[in-house]
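Report on one structure; see the data block that follows.
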Amino acid sequence: MENGDDKSPREFDWFDRPKSRKLLWRLLIAACIISFLVEIPALISHDRHATAPIDFGKFNIPGFYAVLGFVACTLMILAAKGLGIFLKRKEDYYGEPEEETLPEDIDDDVVL
Amino acid sequence: MTTLFSDFPPAFVLILGAILVPFLPKKIRSFYVIALPALAFVNVYYLQLDGNTKWNLDVFSWLTNGEPLELLRTESPGAENPEAGYKLAKAFGYIFCLNAVIAFIFAFYVKKSTQHVAALIYIGSALGVAFAGDLLTLYVFWELMAVSSTFVILARNTEKAKRSAYRYIMIHLLGGLLLLAGIVLTIQSRGSIQFDGFDFATEQSAGTWLILLGILVNAAVPPLAAWLPDSYPEASVTGGLILSAYTTKTAVYTLLQGYAGWEPLIWIGCIMSVYGIIYALLENDMRRILAYSIINQVGFMVCAAGIGTHDAISGATAHAFCHIIYKSLLWMAAGAVLYRVGKSKCTELGGLYKTMPLTLIFGTIGALAISAVPGTSGFTSKTIIIHAAEHEAAHGHASLWWAWLILEAASAGVFLHAGIKFPYFVFFNKDRGLRPKEAPGTMLTAMAILSFLCIYLGVNPQPLYDILPYGVNYNAYTAGHVITQMQLLMLSALVFFLFLPMLKRTSTISLDFDWLYRKGGQLFYKATDKSLNSVNAATRKGVVDGFIPRLSSFFTTAPSRILSWLVTPVWLAQGLNSAEREKRRDQLFERGRRGAFPIGITAILGVVLLGVLYVFSWFAR
């Protein structure tokens, strides 16, 4: 369980390395850009919702869903942050007892 | 076997089977509780609900105008779609049993039998509700579900769980009473105990609204939702997993069966989907994040019930089916972490990918599925609901564009709070030096099965579409659907990592509507204590301690006072000084207190009185 074991190979810590984090950031941004780009052929061929039974009218704007995702998520995070000012309380707010025991159906190795 | 099961309530397989559980040795018991829901699954599969059932019980015919209790819902021959109602019941029956089988595989390690008994009765009564054909049967199973689920919470056996279970049962008893009141009124006004769709245009009444309110308590609609994130995370590792699937989904089933097309549900569903996200973003406890995420997901289904078209009902059924699978998967991943680490707060977890990689992979598949990433079951089910909203909006119900917009925004938010936040804060984020072992084999097996289902139904949803109440003419995999969904999700992910500093977890809780009965209850107690008890104290001081003793002393001392007042002039005439007069007065009072005047004085006073009377009578003449 401890990592002091000499025989074990070096611990897998790829996600902790600054290099990997940089790579993941780049991949994410690339994915965002690609999701924009792949829409273009569909828009040109007017095929974007060709198999849907209805015409989308005003929502046939390039990048509409990307903007929706971005704006909606930003608003929700800001809303949560703002409400947090009023709603967040210390964990002992309700005067509940600190848990004196762990659940019974738990690994025997775990100690409180 | 098949003939037996073609007409047998699957609820009884689990409820009767549960009775045996405590008497079995541990090794056999773990297999037995897996086999039991599997048997119920076979039972559901073979059910032939064509109207010939011996499970129409006449026992309460005096109460129901001769109508039998229908333990098994059958086809309704007169209706436009005679099969829809029972296909809906069957679809929920399948997933209830399937989920139970896998949950009990996960729970293979559980040593005590109490939780298994409660869980089996709970799941059985959920099946009972799904197949109930009349309102009375529905009510009985509904209450059985509330009681047995309380025992599932209690099985954690800690003080916190006890308190939480108490609040849980109080809210559910309230919901049950609303339901009962509604059922009584509805039976009275309709003259029938049948449970089939209530029509929004013609059947709005106090009765149907009360039933709806009772169902909405179980569907966890705010402000009546706080019981869910309050209680589920207080249950045990397995308890939380089992609870997450049944109560809310049974409520969704009842809404789809009874309240399709009730417009207010559209907006209630929209509120739920956003409310769940906001609170999940604020939460620190991983299992509480998942609890709020249930409210968010059920919001989509409630909205679909409000839209009420065939596509919407089928979409909600498909979504409930897939939701139970990926939500169980997420609860299992969280449960495995809790099992190995003993912690469930994001501020205490992190970096677990190093030693629990399989749990991470399975949990991530669940997280991707709940976010409706193409290739997972969320994409082939949830999008049917959004498609149905779109379709209605484009065909005359322009206000539904708002519902559609909120559902799309909420889809983006799901990726934020459940899709990324849960795996990120538990498995990555900061290495806190935790090096737990990988989850046990049975847990991994259960998670692997659910992960497979998430992907299988995402790639090949047709088997699921075939069991839906109405045929689905929907193809998720068009270029447009996939591209727009990926845009929505990728940009949501970008927002998550851009705003990561703002999302940093704090070791806090967030106030929800349960404040009203947790703090509000205390305040109410204090307020009534202050107001009523102060009236009580004032009354005691004024009346009991003040007025009554004075009244009593007045009556005991008044004759002596009057007497001393009368004789003072006599004493003055005798020339007694003030000290002697004081002494005489004390004697007088002492005699008055003891009632011990010498007989001579009494006689003299009698003569005086007679004299006075004589003088009066002389004047009166």
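The values are calculated or read from the model by the stated rules, or taken from the named source; none is laboratory data. Note that the structure is a prediction, hence the values are computed from the model and not measured. Neighbour counts run over all protein chains shown; Cβ positions are idealised from the backbone, glycine included.
Which pairs have Cβ atoms under 7 Å, sit 6 or more apart or on different chains, and link a residue in region A:58-69 that is closer than 12 Å to residue A:38 by Cβ to one that is at pLDDT below 75 and surrounded by fewer than 18 Cβ atoms within 10 Å (Cβ to Cβ)?
Once the first residue is closer than 12 Å to residue A:38 by Cβ and sits in region A:58-69, its partners that are at pLDDT below 75 and surrounded by fewer than 18 Cβ atoms within 10 Å (Cβ to Cβ) give A:62/A:43.
Could you say whether any residue in region B:412-421 is over 18 Å from residue B:298 (Cβ atoms), at pLDDT below 95, part of a helix (DSSP H, G or I) and of a type in the set (Lys, Arg)?
yes
Can you name every residue in region B:374-407 that is of a type in the set (A, V, I, L, M, F, W, C), more than 14 Å from residue B:316 (Cβ to Cβ) and within 12 Å of chain A (Cβ to nearest Cβ)?
Across region B:374-407, the qualifying residues are B:393, B:394, B:398, B:401, B:404, B:405, B:406.
Answer with yes or no whether residue B:343 is at negative phi, assigned to a loop (DSSP other than H, G, I, E, B) and under 26 Å from the mean Cα position of the chain (by Cα).
When the stated conditions are applied, residue B:343 passes them.
What's the total number of residues in region A:67-90 that are facing another protein chain (nearest Cβ under 7 Å), over 15 Å from the mean Cα position of the chain (by Cα) and within 15 Å of residue B:279 (Cβ to Cβ)?
Of region A:67-90, the ones facing another protein chain (nearest Cβ under 7 Å) are A:68-70, A:72-74, A:76-77, A:79-81, A:83-84, A:87-90.
Narrowing the set further to residues that are over 15 Å from the mean Cα position of the chain (by Cα) leaves A:68, A:79-81, A:83-84, A:87-90.
With the extra rule that they be within 15 Å of residue B:279 (Cβ to Cβ), the set shrinks to A:79-81, A:83-84, A:87-89.
Of the residues in that region, 8 qualify.
Take the residues in region B:476-505 that are facing chain A (nearest Cβ under 7 Å) and of a type in the set (S, T, N, Q), then tell me which one is nearest to residue B:429 (Cα to Cα).
Only one residue tops the list, namely B:492.
Only one of (1) part of a helix (DSSP H, G or I); (2) under 29 Å from the mean Cα position of the chain (by Cα); (3) surrounded by fewer than 16 Cβ atoms within 10 Å (Cβ to Cβ); (4) not polar (S, T, N, Q) fails for residue B:11. Which number is that?
Status for residue B:11: all satisfied but (3).
Identify, by number, the condition in (1) among the hydrophobic types (A, V, I, L, M, F, W, C); (2) closer than 30 Å to residue B:394 by Cβ; (3) outside any helix (DSSP H, G or I); (4) within 17 Å of the chain's Cα centre (by Cα) that residue B:272 doesn't meet.
(3)
Taking helices (runs of 4 or more DSSP H) that fall entirely within region B:82-182, which contain at least 3 residues that are modelled with pLDDT of 95 or more and surrounded by fewer than 24 Cβ atoms within 10 Å (Cβ to Cβ)? Break it down into steps so the answer makes sense when it comes.
On the way: elements: B:84-106, B:114-131, B:135-154.
Of the helices (runs of 4 or more DSSP H) lying wholly inside region B:82-182, those with at least 3 residues that are modelled with pLDDT of 95 or more and surrounded by fewer than 24 Cβ atoms within 10 Å (Cβ to Cβ) span B:84-106, B:135-154.
Answer yes or no: is there a residue in region B:292-312 that is more than 26 Å from residue B:84 (Cα to Cα), out of contact with any Phe, Trp or Tyr (no Cβ under 7 Å at 6 or more places or on another chain) and either of a type in the set (S, T, N, Q) or surrounded by fewer than 24 Cβ atoms within 10 Å (Cβ to Cβ) (or both).
yes
Given the conditions (1) in a loop (DSSP other than H, G, I, E, B); (2) within 14 Å of chain A (Cβ to nearest Cβ); (3) of a type outside the set (A, V, I, L, M); (4) surrounded by fewer than 17 Cβ atoms within 10 Å (Cβ to Cβ), which single one is not true for residue B:222?
Here residue B:222 clears every test but (4).
Among the numbered criteria (1) in contact (Cβ under 8 Å) with a residue 24 or more places away in the chain; (2) within 30 Å of residue B:111 (Cα to Cα), which one does residue B:342 miss?
The number of the failed condition is (1).
Please count how many residues of region B:469-502 are free of Cβ contacts under 8 Å to residues at least 24 places away in the same chain, outside any loop (DSSP other than H, G, I, E, B) and either touching a Cys at 6+ places or on another chain (Cβ under 9 Å) or of a type in the set (Gly, Ala, Ser) (or both).
So the count comes out to 5.
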